[in-house]
1. Please give, to one decimal in nm, the separation of the simple spin-label points placed at residue 233 and residue 18, each 7 Å out from Cα toward the Cβ.
2. Roughly how many Å is it from the Cα centre of region 1-54 to that of region 351-408, as a whole number?
3. Do any of 116/412; 412/441; 150/449 go past 31 Å between their Cα atoms, and which?
4. Rg to Rh ratio, the chain, alpha-carbon atoms and Kirkwood radius?
5. Exposure proxy check: 116, 449 ranked by fewest other beta carbons within 10 Å?
6. What does the extension gain come out to for residue 148 and residue 242, with contour length at 0.36 nm per residue minus their alpha carbon separation?
7. Using each residue's phi in region 375-392, evaluate 6.51 cos²θ - 1.76 cosθ + 1.60 at θ = phi - 60° and report the 3J(HN,Hα) Karplus result to the nearest Hz, with x for Gly and Pro.
8. Residue-wise, which Karplus ³J(HN,Hα) couplings in Hz belong to region 354-368, taking 6.51 cos²θ - 1.76 cosθ + 1.60, θ = phi - 60°, and x for glycine or proline?
Amino acid sequence: MGEWLQVLTDWTGNVSGLLWGNSITLILLLGTGLYLTLRMRFVQVAGFRHALHLISGRYSHPEDVGEVSHFQALATALSATVGTGNIAGVATAISLGGPGALFWMWVTAIFGMATKFAECTLSLKFREVGMNGEIAGGPMYTILHGLNQKGLAIVFAVFAMIASFGIGNMVQANSVVDGLGYIFPQAREHGWLLGIIMAVLVGLVIIGGVKRIARVAGTLVPFMAILYVAAALFVLANHLSAIPAALFTIINSALNPWAVGGAAVGEAIRWGVARGLFSNEAGLGSSPMAHAAARTNEPVREGLVAMMEPFIDTLVICTMTGLVIIVTGAYASKPDDVVGAALTAYAFNTTLGNSGAWVVGFGLCLFAFSTIIAWSYYGDRSARFLFGEKAVMPYRVVYILLVVFGAAVPLKLVWNIADITNILMALPNLLSLWLLAALVKGLRDQYFKQMAH
C-alpha cells in the first residue's frame, strides 16, 4: 500500500509541476488579467476609491437581494485567500526565485484585481435566488446561464468540489498543526486530537451556512490581518534604514538580467507569478461563489468590492511577509533546510526572538482555519449545483470529517491533487471571462455613467 501511495504521490507531483511550472499556464492566468485590465480601462485604478466606499457600507440598501453585506462577502472571500500562501507561499517564492519574485507577485495582484472584478461581476449577474432567498452563484452559473454550456459548468463544479477537500480543507488543517508546532513543538505528535477539536469548531460555523460563515469571517479576518501586519511593521520599523535597499534589490532582481543573470530573472517570474496567483486565487473561480451572496442589485458594485481582495491579500499582507524576509537578510543567512513557513518564522525570530514563532504559528493557525470555513461554502455551492439542495448537508458532514484526517496525515499527495484541481477549475472560468468580457465592460460603463449623474 505504502509503495502505491508513493508512486501516486510522485506521479501527481510531476503532473502538478507540469501544470504550475509551465509558462503557458502562467501566461494564460497573467494574460487574462492583462487583457481584462485593458478591456475594463484600468478599473483597478478608476474604481479603487468607490470600492472603499462600498466596503464601508455607504451604498448599502437593506431591501436589495442577497444574504450578506459587501464587507461580509469580502471577508468571506478573503478568509479563503488569506492563508498559508501569505506565510509559506511568499517564503517559498523568495527561496526559489530570489527577492525579485516579490515584484512578480505584485504584478499578479495588480492584473488579478481586474480578473476578480470581471469574475465577481459575472457571478452576481448570473446568480440564482431560491424561494427562501438563499443564493447560489459562481462560475458554474455564469457558464450555464451566460454561455449556455452545461457540460463545462459541471466540469468546473466537479473540480471545485474536489479542490475544496484538498486546498480548502486537508492542506489547511495540516497547516494549523504545523502552526501550533512552532509554538508548542509537541503539538505535532497530537494531530488526531487537534483535528477533532478543529472539526468541532469548523462544524459549529459551517452548519449555519453562509450567514454564519460571513459573521465569523467578518470578525476573524480583520483581527488576524491587523495582528500579523502590526507584527511585520514592528520588524520593519527596526530595519527602517534597510527598506530602500530591499526595494532596490526586489526590482533589480526582478528586471535586471545583467545584475542577476537571465536564468535568475526567469525563476523570479516563474515563482512570483505561480505563488502570487496561488495566494490571491485571481482567475481560479473560487471567490465569485462567496461574492454571489452579497446584498446588492448592482453586479458591478460587488465586482469592485471583490477587486480589493488581491490588493489586501498580495499587495499588503504578502508584501509584509516578503519585506520582513528580505530586510532581515533571512533569505540569504538561513540554514539550507529552512524553507516555507519555517523561513518566515526564522525572519521574524531575528527581531522578535521567540515571539517570532508565536507570530507565524498563531498567524498560520488563524489564516488556515479561516480558509477551511470559507472553502466549505465553495464546496457546498458546487455540491448543490451538481446534486441539488439535498447534497449540501452530507457534503458538510464529509468536509468536517476530512478536517480530522488532514490534521493527522502527511499531505504531499493532497497538496499535489489540490494544485492539479485548482488549475483545472481555473480553465473553464478563464474561458468564460474571455467570452463574456464585452458584457462585463458594458455593465461597467453603464454603472460608472449612472454614478456620474
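1. It works out to 4.7 nm between the two label points.
2. Spelled out, the Cα-based centre of one part sits 21 Å from the other.
3. 412/441; 150/449
4. Ratio value, two decimals: 0.95.
5. Arranged by neighbour count, lowest to highest, 116, 449 become 449, 116.
6. 28.4 nm
7. So the J values, rounded to whole Hz, are 5, 4, 5, 4, x, 6, 5, 5, 4, 5, 4, 7, 10, x, 4, 4, 7, 5.
8. Each residue of region 354-368 in turn: 5, 5, x, 5, 5, 4, 6, x, 5, x, 4, 4, 5, 4, 5 Hz.
None of the figures in this text is laboratory data; all of them are computed from the coordinates on show. These figures come from a predicted structure and were not determined experimentally. Because the Cβ atoms are built from the backbone with ideal geometry, glycine has one as well, and the counts that use them run over all protein chains shown.
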